DNA sequence: GTGGGGCCTGACACCGGTGTGAGGTTCAAG
DNA sequence: CTTGAACCTCACACCGGTGTCAGGCCCCAC
């Protein structure tokens, strides 16, 4: 399928799809005229990429990870080495840390809210 | 005090202190020669700014918020209006949403890790 | 008055995914 | 063949707090 249809079916902009290719995440065939020609599996693959982006992984990490996953369900296309799983666990830890930091931030903000909401209302 | 001393006492770089001024978060006096001259309260104020940055607020929001807080303890310098507390609660909600998103991301990553860690180890 | 450390302004880089636009080519339907 | 939509590449901008450099001025102790 063409880039426009893929964009429509995934909700991802054409610009982003071209960027994914630039980053090595997609490798569509080309027509004689140079237009990108994606296989049907690209839809799942793009959704998977979005999932990983949403998890906070960067292009480089995703590029290293994708070859190890089936496009359709994200299952392992081959067993991962210890190094890969270690990387993933590190990402997981990073997310955990972010969550803890945000909890702290929320508490700070709660304190500010409590302090601010007492008075008579002079401050914009 | 001069910017160097303030930087040392807060652990914030001189660059950042100048940036805070640019954003309207600090307004130090100037010597005849143009050097910044901070009052002692600036130390607390800068720490407070850092606290709010850590909570994910941007300069603009902090600039709107600071006039409503005492420098030393962060208590209200005047009662906040409904609009301000509403803004703060919106920030709080934003953080909450981020936390929930990160939980989802972590679950996604856990799924990937589970799926990847089964096989014989072919994938880098 | 002079040396040297501290400070000044201004400017560019970074990160990384995305928006946007220019200017040109291809494709498919009429 | 023509037309118009879809597509191509290339390039710049954004966000926002911070690092860093260049070139020059201030301030204080000697």
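The numbers here are math on the coordinates, done by the rules we state, and not lab data. Every value quoted in this text rests on a predicted model; they were computed, and no experiment measured them. Cβ atoms come from the backbone with ideal geometry, glycine included; neighbour counts cover every protein chain shown.
Here are a few things to note about the model shown:
- Among the residues of A:41-53, the average count of other protein chain beta-carbon atoms within 10 Å of the residue beta-carbon is 1.
- Per the rotation superposing chains B and A, the chain B residue found at the smallest beta carbon distance from the axis is B:99, 3, distance in Å.
- Using R0 = 35 Å, the C-beta based FRET efficiency linking residue A:63 and residue B:104 works out to 0.95.
- Remark: label point of residue B:107 defined 7 Å out from Cα along the Cα-Cβ vector; separations to the same position in other copies 2.5 nm, ascending.
- Debye-formula intensities of region B:9-49, expressed as log10 I(q)/I(0) at q = 0.21, 0.23 Å⁻¹, are -0.64, -0.77 (one equal scatterer per alpha-carbon, no solvent).
- Per-copy distances of the residue A:41 label point, shortest first, in nm (7 angstrom along Cα→Cβ): 6.6
- Label point of residue A:19 (7 Å along Cα→beta-carbon): distances to the other copies' equivalent points are 2.2 nm, sorted ascending.
- With an a/c value of 1.5 or above and a/b larger than b/c for the gyration tensor axes a ≥ b ≥ c computed over the alpha-carbon atoms, region B:29-75 is described as prolate.
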